[in-house]
Amino acid sequence: MMNYQISDWVTATTNQDEMLHGYVESMDVLGGLTRIYVIASDRESAIGKVMEVSNQDVRKLPVSSLDIEEQVKSLIDVALAVRDEMWFLELTGKLLAIQQSESRRSERNVLPTLAFRNRLGVDQI
């Protein structure tokens, strides 16, 4: 039974034992094939192309939360590579939110500078 659907991120192995990483572009349930848009592979000529693989050789990747800045930046690169403008805009919004949240968190962790002025006018720390 297939546990993935169109647009899910998957890994797969071809008949020639090549590893693929990409997203499901379409499925032929009767023919038992899944078409994957490849973003990474051990065969460089497959990258950027649609490859057909057997449904039984496809594994859905786990969904992770996008709360790490480097993860979001990597996905922005993928969105640019596949020319998905809507996804790019969504990811850049997420990146800005993460950066603003980290900025606010670091502002709260900064200790105020303490300076005292005595009656003689000499600063002490």
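Coordinate-derived values only; no laboratory data. Just so we're clear, the structure is a prediction, and the values are computed from it rather than from any experiment.
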Check cross-link reach from K73 to the aspartates and glutamates: straight Cα distance under 17 Å, and skip same-chain residues fewer than eight apart. D84, E85, E90, E102
Convex hull (Cα only) mean projected area of the range 1-96, reported in nm² to one decimal: 6.4
Can you return the aspartates and glutamates within cross-link range of K60? Criterion is Cα-Cα under 20 Å, with same-chain partners fewer than 8 residues away left out. D8, D17, E18, E25, D28, D42, E52
Just to check I understand the Karplus step: with θ = phi - 60° and J = 6.51 cos²θ - 1.76 cosθ + 1.60, what whole-Hz values come out for the range 7-14, glycine and proline as x? 5, 6, 7, 9, 10, 7, 10, 7
Expressed in nm to one decimal, what extension gain is obtained for the pair V50 and T92 from 0.36 nm per residue of sequence separation less their Cα-Cα distance? 12.5 nm
For the range 1-55, how big is the tail of P(r) above 13 Å, as a whole percent of Cα pairs? 52
